[in-house]
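Remarks on the structure that follows.
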Amino acid sequence: MLKKTYTSQSGQVAVIVLLIMVVLLTIGLSLATRTTQELFLSDQQAESSRVFNAAESGIEKALSDVQVGTGNLSVDNVDVAYSVQGSSVLETRVTEGMSVHLDLTGYTGDVTFEWAEEGSCGSRASLIAVIYYDDAGEIKSKSVPFGPACDSRLDNFADGLLLGGSPYYHRYTLSTTYPDTQVNHIPANTLFMRVKPVYADTDLLISGGISFPTQHHTISSTATYTGGNEERSIEVSRTLPAGPSYMDYALYSGGAITQNP
């Protein structure tokens, strides 16, 4: 009589096939998940860029006609809200030889300058303020130079007050209350002023009293896409329009310039 013998090869094949299927399924699910994530991230990036571009459109709209207030617009189905705020305090960093422009039309108060954050007095800038004013219909200018009292430059600049360096080391005030015989004062009917640092770059804060005109604007824009719960905000500052620094060495006239023979 013949005896039949059985082996477990068929069972082993089934197990191997099952393992291969599990591995392939795992790889397939991993690739599908990764593809889905990449598509999601790509859509999110495109949406974020679209919302950011919409926020930039709000900035451009506000810059096209700078008026203090708020506004709204819609860009590519994205809601944009922008605002423009004016400030009479100007705080900025100025490169040596460049100029800051101040509007003083109708202003009759003092102007205060605080500047220099450098610890070493020898590395701190001095300032030259050039004031343009109307003298009985004739446009004139006068220069007022001032700088650190601790320097040794022997340039005959007026000395600024020494502060504690929190954050500025020096302060100087130009006043309208001095008599006309005082050199370092602001004349009547002043139109504008240009301030230039010399010897070094400097951080500078300029402020005035009551009714000091607006010296720069802060513009903010927020774009919101409610469909994707995406929001982007941008903020920029804009100083007053002004001519380039080389114009400090040119003639200025409120009207025509006539050359006398």
Pairwise FRET efficiency - T214 versus E60, Cβ, R0 = 22 Å, nearest 0.05: 0.60
Structure-derived percent of Cα pairs over 28 Å apart - corresponding label in (i) 31; (ii) 37; (iii) 58: (iii)
Choice from I59, I206, I16 with maximal GNM fluctuation in the chain (Cα, 10 Å cutoff): I16
Gaussian network model of the chain, Cα within-10 Å springs - most flexible of G164, G122, G97: G164
The stretch 154-175 and the stretch 79-145: distance between their alpha carbon centers, rounded to Å: 15
Sequence of Y225, Y249, Y107 once ranked by neighbouring C-beta atoms within 10 Å, starting from the fewest: Y249, Y225, Y107
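Values quoted throughout were computed directly from the atomic coordinates according to the rules given, and no laboratory measurement underlies them. These numbers were taken from a predicted model, which means no experiment stands behind them. Cβ sites come from the backbone with ideal geometry, for glycine too, and all protein chains shown count toward neighbours.
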